[in-house]
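Below is a structure I'd like to ask you about.
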Amino acid sequence: MDTSQLRTFLQVARRGSITAAADELGYTQSAVSRQVAALEASIGAPLFDRRARGVDLTAHGQLLLPHAESLLERLDATWRALRELDRVADGQVRVGAFPTANALLIPRAMAAFRRAHPQVALSLTEGSTHQQLARLDAGDIDIAVVSAFPDQRLSDRRVTLSHLLDDRMLVALSRDHPLARRRRLRLVELAADSWIAGASGVEDRLLDPKRLQPDFEPSLNFAVREWTAKLGLVAAGLGITLVPSLAAGAVRADIALVGLHPEERASRKVYAATARGRARSPAARAFLTVLRAQAHESAEGADRG
């Protein structure tokens, strides 16, 4: 049964006139007559008695009227509910991110999102890229912010990756280091320095200068787990380390950050990952939009630096 025919039937029944119904619907009288006739043909019985001054409902029309009203009211309510799903009215967004992204990128994105959508609940889980992808696959988070170096692969048929930015590495030196005022450095100029490495597998890869230049042989005298310890050693003049540009804005004031020569500059790619085949809520889609905007702003700031 055609719902447009039912709506036309209701207008004719309520107004008792094909002419009045046509005026209300913005149709021609002949168009209204055709729709009523088509509905009568599908039912197999007349719905109206045509009279000189209008129409009256037949027994079939009187029976159909309340059912048509109920059906169309439910249909309209369904469409309203579906449209409401596209509004970021409430709900939650569960975000997982690797630690460096939580220095500035994720907090700023969350703050911007909360200003726009204060009614949406936000949560954040920290962990490695591997951990976040596992949580995403298990349905424990809605969005995973993950990263990979050029020699790492994140391709997975179960996730959709959206590139956010390239996170390049910077050299962290104490303010009184002889090279602290330079704008660009080559690794060969840092061969005599003591380097500070990470104490975990993930951090070893992140802070390893060999990733920038395979034949570079740094002197690794310290290996510590926490960023506060790494930067404390740098500030005290006990060594140097690499810092992702994502975390540059959170580095303490007694440390200088210097970029590397373009030929030795390496970066990891940062992505927003979502589960493929799983519908994103309006709130999650809105958060992704805010996250991309914040990532673009962060990338522009890093380029200016």
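The values are calculated or read from the model by the stated rules, or taken from the named source; none is laboratory data. None of the values given here were measured: they were computed from a predicted structure. Reconstructed Cβ throughout: ideal geometry from the backbone, glycine too, with neighbour counts over all protein chains shown.
Filtering the range 160-179 down to residues that are buried (at least 20 other Cβ atoms within 10 Å of the Cβ) and hydrophobic (A, V, I, L, M, F, W, C), which residue is farthest from the chain's Cα centre (by Cα)?
Leu173
If you don't mind, another one. Could you tell me how many of the residues in the range 150-189 are β-branched (Val, Ile, Thr) and over 24 Å from Ala284 (Cα atoms)? Don't jump to the end; show me each part of the working.
Just the residues of the range 150-189 that are β-branched (Val, Ile, Thr), to begin with: 159-160, 171, 188.
In the following step, the residues that additionally are over 24 Å from Ala284 (Cα atoms) were identified as 171, 188.
Number of matching residues: 2.
Still on this structure, please answer the following. Which ones in the range 135-172 are within 27 Å of Ile196 (Cα to Cα) and among the aliphatic types (A, V, I, L, M)? Please lay out each step first, then the result.
If we filter the range 135-172 for residues that are within 27 Å of Ile196 (Cα to Cα), which is where we start, we get 145-153, 165-172.
Val145, Val146, Ala148, Leu165, Met169, Leu170, Val171, Ala172, listed by residue number.
Right, another one. Polar (S, T, N, Q) and exposed (fewer than 12 other Cβ atoms within 10 Å of the Cβ): is that true of Ser42 in this structure?
On the way: polar (S, T, N, Q): yes; exposed (fewer than 12 other Cβ atoms within 10 Å of the Cβ): yes.
When the stated conditions are applied, Ser42 passes them.
Restricting attention to the range 64-93, and to residues there that are surrounded by 13 or more Cβ atoms within 10 Å (Cβ to Cβ) and closer than 16 Å to Arg7 by Cα, which single residue is modelled with the lowest pLDDT?
The selected residue is Leu75.
Looking at the range 224-237, which of the residues that are touching an Asp or Glu at 6+ places or on another chain (Cβ under 8 Å) and outside any helix (DSSP H, G or I) is modelled with the highest pLDDT? Don't jump to the end; show me each part of the working.
Residues of the range 224-237 that are touching an Asp or Glu at 6+ places or on another chain (Cβ under 8 Å), as a first pass: 225, 235, 237.
Filter once more, so that each one left must be outside any helix (DSSP H, G or I): 225, 237.
Values: Arg225: 81, Gly237: 95.
Across the range 224-237, the extreme among qualifying residues is Gly237.
Consider Ala279 carefully, then state whether it is surrounded by fewer than 20 Cβ atoms within 10 Å (Cβ to Cβ) and assigned by TED's automatic domain parsing to the domain that holds Asp151.
Values: surrounded by fewer than 20 Cβ atoms within 10 Å (Cβ to Cβ): yes; assigned by TED's automatic domain parsing to the domain that holds Asp151: yes.
When the stated conditions are applied, Ala279 passes them.
Could you list all residues from the range 113-152 that are of a type in the set (Val, Ile, Thr) and either at positive phi or crowded, with 17+ Cβ neighbours inside 10 Å (or both)?
Within the range 113-152, the first condition is being of a type in the set (Val, Ile, Thr), and the residues that meet it are 120, 125, 129, 141, 143, 145-146.
Of everything in the range 113-152, those that are of a type in the set (Val, Ile, Thr) and either at positive phi or crowded, with 17+ Cβ neighbours inside 10 Å (or both) turn out to be Val120, Thr129, Ile141, Ile143, Val145, Val146.
For the range 246-281, how many residues meet the condition of being assigned to a strand (DSSP E or B) and at pLDDT 85 or above? Spell out how you get there, then give the answer.
Of the range 246-281, the ones assigned to a strand (DSSP E or B) are 255-260, 267-275.
Applying the additional criterion that residues be at pLDDT 85 or above yields 255-260, 268-275.
Of the residues in the range 246-281, 14 are assigned to a strand (DSSP E or B) and at pLDDT 85 or above.
Filter the range 13-32 down to residues that are among the β-branched types (Val, Ile, Thr), touching a Gly at 6+ places or on another chain (Cβ under 9 Å) and surrounded by 16 or more Cβ atoms within 10 Å (Cβ to Cβ), then give me how many there are.
Just the residues of the range 13-32 that are among the β-branched types (Val, Ile, Thr), to begin with: 18-19, 28, 32.
Next cut, touching a Gly at 6+ places or on another chain (Cβ under 9 Å) only: 18-19.
Imposing the further condition that a residue be surrounded by 16 or more Cβ atoms within 10 Å (Cβ to Cβ) reduces the set to 18.
Qualifying residue count, the range 13-32: 1.
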